[in-house]
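Any read-out appearing in this document is the output of simple, stated calculations on the displayed coordinates, not a laboratory observation. Please read all numbers here as calculations on a predicted model, not as lab measurements. All Cβ positions, even for glycine, are placed from backbone atoms using ideal geometry, and neighbour counts span all protein chains on display.
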Amino acid sequence: MDGRSPLKVRHEPENTLRRQLIWAGSLGLLLGATGCFERITKVGPPERIGSFSIQKLHIVSFHDTGNSERDYFEIAHGRFFRTTIGMPPNDWSQFDRVTRLPSKSLTLLVESGSWSALVTERDGQPRVETLWEGDDNNPIQGISATRWHIPDYQPIAQPPQYTFSGGHIFDGTTLAKHSLPNQPGEGRHQFAGTSPDDEAVAWVTRGFDSSVGAATCTIMVADELGMTGPTLTTNAEFLKRHPPPDQFMPLPLAAWTTWLEGNFNWKLNGSHRWILEFKQR
């Protein structure tokens, strides 16, 4: 029996403990100096689509006040010499979502915060085209797996009120955009969904009823001629049973449209204009 073996076995736990103490001490110094330490790990192998490679990553941030974690994606282009894709204007390369669109040409929709862009390939080179530059943390909103609403509103002066345009619908199949009718009433409202033919749009306005001390929610439908019918108002009990999407949280795909279609029905009135009705429970 090797006489050095007992010495090796006896000191290995001590060395391991020493390494752990050194790591913990270094982490403590780092947190004390910067207030944050991040650990980034790759989630699975990269997904390859044509000449693009999409890698999902998981980041854990250790803060002195608590920890947080999230996923993000990075895209590289090239089969041998890869180039990381960045979104203008600052070449931001950490994307919250990457969606392959069902268009004839290979096109990726990338989103980072309120910004979104289209990533394509032309003459063997990657091309990034900004779709929406973001506005007051107002990102594009999914309507379905292939369609998005772009909130690129423009003010329209109609004294004594000011209304806004309705933005655009982006079609991920054709890569085309078409404009929506103006928003009804005064100010900007929350886009909730479109009629089956996209001729009318449902808009939501949140409020607070001080007489009962509860939140309210009104739904308006407008087409190119203006409002198509009376405003629908929900009460506190309805909102408690059917809460709308949280405007302060990141929303999943088609969150507002799912809420709208789950609680209301589209219907053509006598004038052949779209209105909404509460669903019968």
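The simple spin-label model puts a point 7 Å past each Cα toward its Cβ; for D123 and E47 those points are separated by 3.0 nm. Amide H to amide H distances under 5 Å link F264 with K279, where only residues 5 or more positions off or on other chains count and H is placed in the peptide plane. Excluding same-chain neighbours fewer than eight residues apart, the lysines reachable from K240 by a Cα-Cα span under 22 Å are K279. Placing a pseudo-label 7 Å from each Cα along the Cα-to-Cβ vector at S114 and N269 gives an inter-label distance of 3.4 nm. Taking K104 as the anchor, which aspartates and glutamates have their alpha carbon closer than 20 Å to its alpha carbon, excluding any fewer than eight residues away along the same chain? Within reach: E47, E121, D123, E129, D171. Spin-label pair S211-R97: with each label point 7 Å from Cα along the Cα-Cβ axis, the two points sit 3.9 nm from one another.
Looking at segment 40-125, which trypsin sites (Lys or Arg not before Pro) are DSSP coil and have at most 14 other C-beta atoms within 10 Å of their C-beta? Kindly include the intermediate steps, with their values, before the conclusion.
On the way: sites: K42, R48, K56, R70, R79, R82, R97, R100, K104, R122; in loops: R79, R82, K104.
Loop-located and lightly packed - R79, R82, K104.
Taking the Cβ of E47 as the centre, find all other residues whose Cβ is under 13 Å away and add up their charges (Lys, Arg: +1; Asp, Glu: -1). Could the numbers behind the result be given before it?
Working: positive: K42, R48, K56, R100; negative: E74.
Local net charge: +3.
Neighbours of Q141 by Cβ distance under 13 Å: Lys/Arg scored +1, Asp/Glu scored -1, total -1. Taken one residue at a time, the phi angles of segment 110-115 give Karplus couplings (6.51, -1.76, 1.60, θ = phi - 60°) of 10, 10, 9, x, 8, 9 Hz. Gly and Pro are set to x.
Looking at segment 172-281, the chymotrypsin sites (Phe, Trp or Tyr not before Pro) that sit in a DSSP loop and have at most 12 other Cβ atoms within 10 Å of their own Cβ are F248.
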